[in-house]
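Remarks on the structure that follows.
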Amino acid sequence: MIDVRLQKYSGFAIGLLLFILNSYTFAQQRERYEGEYTFNNHDGTATFTFYENRDGEIVIDGNFSFVRRSIDTLDRTLLSKLNVNGVYRENKKHGRWRYDQEEHRVELRDVVDFEVVTDLESEDYELSATYNQGQLEGVWEYRENKFERGRVEPLFRSAPINFSAGKMVGDISFEQFGDYLTYNITGRLDPQGVMVGEWVFTYMRDTIFVRETRRYENGFLLGLRVVDDETREVINEVIFHEVIQNLDRLNQGEDVGFGIAEARFPLTFNVGYRQSFEELQVQQRGNEFLRHVLGRILQYEDEYVDDDGSLSQYPIHTRRFEYPISREDQRNIDEIEETFEVLQSEVNRFAEMNALAINRYRDDSLAFAYEYFQRKQHRLDQVDTLVQILTSDEIRYIDQDVFVREGIDFLSAFDTIRYEFGEEVRTRHLDYEDDLGADRSLTDNVLAYIRREQSLVDVFTAYITQELEQLEQTDDLATMEARILQNKALVDSVYLSHETISNRDLEMFASVYENILQRNFNELSRRYSEMDTYMERVEQGEVILDLISEMREQFNRLAAVFPTMDDLDETYQEETFNPFTYSRYNVRVKERLFDNGGMVLFNHYVSQIRNEEDYTMIKEHLDRIEALQERLYELRDVDTRRIERRLGRRTSINRIESALDL
């Protein structure tokens, strides 16, 4: 009886187990894909196996290959190829992967006996990489070669690169060959990818090769020296004294109030250096070369490189000190974060206020207030960088004494505002009665600065609001002012983005922009701001809008002035044959008509446009130019001997116009 029950139970268990296995196998049934695929922002074709998980997501699992062949659509002599082979394990790269990218340029030299003779220039980029469940792991090899004139030459060489858990470790050696970009980098990394020991960068600086030597201790940069690689003359040397002293104190067990941060940091070593500090500037060149190398080696790793090719994560690190934040500093930081946002929002609102911009010529105070907010908006953009540091974790890794050692520009006892009113450039000085300075902490100073600026902004905004409420008597005026500034910005962008074909074309557009869209517009705006009644302002605003509309309407005609004249220049030339030299060349036909007549008038009319300061006259000048150009087209293929005889005796503009029946 017991045996029968056991047999029944055993059969049921085996059946249940088979059902579960079959269900799991069905859920992970693999399929093969072969077709169009995008890999690392490259469009091509791929072959791989995949399955769909329980959430309906596609999981690539197994061998993977990708091929891309691309011929440049604009230059058909350029061919680009990319071949990728590797293995995915549940959507993660695993094991050995190989990437081979080739760039070819084919130049046609000749065709002999119906066979094409070409020159081939090629560059080949080969990367052999290894992964462990998506992490960079093991030995990588990367090289670049170029093929030219039948020879293969190296472009880039690297010693085997060792990765451990996504970090580059051990000794590294990179060498770039080239006429314009040559450098060599050697160094050492500890098992955590931290820079240690001596690092040497050799590269071209101006016209000489230099040797940059750095000394790191556990990721801390202790010193950097740049010497002439040939003469060994010292060009630059920076010793990081504060870093050395701090490390010595920590090593001796002193209670210094700070420690070494557990976090790892990018290539640039920084303990509070600002952009202008020498300690930061001397690192830039060598770090640029190292970023250049890492970007190429890691170009297929989305986790490390952004779409634009810049590094978002580093396999190489420096280290920093970590400084505790005092309670007072934390209170200041909390208030800074709250009050700065209010201040910046208020300043931006008035700096971008249409009514203030167009009414700034109303009186001296509005002119000053407009320039004050423009200047303050720019200054707060700079302060914002500092506020972002103070209100983020980055403040924990900054030595505040180092950060402020060269002073901070905006922490001054006075400010000078230069502004235009009428036809004068005026100056107003603001003297502050606060005690910002070196005897206060960084957060104290920044908070005091924000409070000071908020007090001033409150005074100015109250005055501006009162004045503008009186000036903007109706919504119609406010709407018209917005239209003026919006339309003016559009026309400015059209004129400033125009691509000219010659220096004379550029000079004409620059003059028109300066004389009409700047001076003429500003003069009309000044008159607008000086008017008191509603109807006067409406009429003047319509004149300003007419100026903008007129200049937008005349843009295409202005843009055609010189291209049309170039076409006429070619029209008035014809090819001739020299029997003595057996050569063909172009000669001017109807030289007196074109050069002594047409070009003299054309240059005169263009000069009128360049000197014109009244927008209503631009159309009249363009009418004359187009009439001249149309007349020259008409006269190209007719008998003009009578006109040319008349031109030979005439030099004044009126007489030339009369001779050409203009």
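The values are calculated or read from the model by the stated rules, or taken from the named source; none is laboratory data. Worth saying up front: this structure is predicted, and the values here are computed from it rather than measured. We place every Cβ from the backbone using ideal geometry, glycine too, and count neighbours over all the protein chains shown. Quick note on the areas: whole protein, heavy atoms, side chains included, nothing else; ligands and nucleic acids left out. Shrake-Rupley method; radii C 1.70, N 1.55, O 1.52, S 1.80 Å.
Listed by chain and number, the lysines placed with their C-alpha closer than 22 angstrom to that of Lys488 are Lys619; residues fewer than eight positions away on the same chain are left out.
Show Asp307, Asp329 ordered by accessible area, largest first, where the area counts protein heavy atoms only and the probe is 1.4 Å.
Details: Asp307 135, Asp329 20 Å².
Per-residue accessible area, sorted high to low, gives Asp307, Asp329.
For the Cα atoms of the chain, what angle does the longest principal axis make with the long axis of helix 475-496, in degrees from 0 to 90, nearest 10? Helix 475-496 sits roughly 80 degrees off the main axis of the chain.
Please work out the FRET efficiency for the pair Asp228 and Thr268, using the Cβ-Cβ distance as r and a Förster radius of 22 Å; give the result to the nearest 0.05. Present the calculation step by step, with values, prior to reporting the outcome.
Values: r = 25 Å, r/R0 = 1.12.
Rounded to the nearest 0.05, the efficiency is 0.35.
What the Cβ-Cβ distance of Glu514 and Leu490 gives, at R0 = 22 Å and to the nearest 0.05, is a FRET efficiency of 0.75. Residue ranges 266-276, 288-298 sort as 288-298, 266-276 when ordered by packing (mean number of other C-beta atoms within 10 Å per residue, highest first). For the pair the range 592-640 and the range 223-283, the centres of their Cα atoms are 67 angstrom apart. Once both labels are modelled 7 Å past Cα along the beta-carbon direction, what's the Glu153-Arg642 spacing in nm? With each label point 7 Å from Cα toward Cβ, the separation is 7.0 nm. Recomputing percent of Cα pairs over 44 Å apart from the coordinates shown identifies the correct label among [x] 22; [y] 30; [z] 57 as [z].
Of all the accessible heavy-atom surface of the range 159-322, with the other protein chains kept in place and a 1.4 Å probe, what percent is carbon and sulfur? Carbon with sulfur: 43 percent of the solvent-accessible area. Simple spin-label estimate for Thr49 and Glu613 gives 8.3 nm between the two label positions (7 Å along the Cα-to-Cβ direction from each Cα). Helix 521-530 and the long axis of the chain differ in direction by around 80°, with both axes built from C-alpha atoms. Using a probe of 1.4 angstrom and keeping all protein chains present, the accessible surface of the chain works out to 56 square angstrom per residue. When peptides 637-643, 341-347 are sorted by average Cβ neighbour count within 10 Å, with the highest value leading, the order is 341-347, 637-643. Rounded to the nearest 10 degrees, the inclination of helix 278-297 to the longest alpha-carbon principal axis of the chain is 70 degrees. Solvent-accessible area of Ser493, all protein chains in place: 60 Å² (probe radius 1.4 Å, heavy atoms, ligands and nucleic acids excluded). Centroid-to-centroid, using Cα positions, the range 381-395 and the range 94-142 are 45 Å apart. Where does the charge balance sit around Val200 when Lys and Arg score +1, Asp and Glu -1, over other residues with C-beta under 9 Å from its C-beta? After counting each charged neighbour, the total is 0.
Residue ranking by accessible heavy-atom surface, 1.4 Å probe, largest first, among Leu662, Leu517, Leu456 comes out as Leu662, Leu456, Leu517.
Summary of packing: across the peptides 84-95, 460-471, the per-residue average of other C-beta atoms within 10 Å ranks them, highest first, as 84-95, 460-471. Between Glu626 and Arg426, the FRET efficiency estimated from the beta carbon spacing at R0 = 41 angstrom works out to 0.35. Over what distance in Å are the Cα centres of the range 512-562 and the range 314-351 separated? One Cα centre to the other: 45 Å. Of the solvent-accessible surface of the range 498-660, computed with a 1.4 Å probe over protein heavy atoms with every protein chain present, carbon and sulfur atoms account for 44 percent. Accessible area of Met353 (1.4 Å probe, protein heavy atoms only, ligands and nucleic acids ignored): about 40 Å². Which aspartates and glutamates have a Cα less than 13 Å from the Cα of Lys93, not counting those fewer than 8 places away in the same chain? Qualifying aspartates and glutamates at Cα under 13 Å: Asp61, Glu137, Glu301, Asp302, Glu303.
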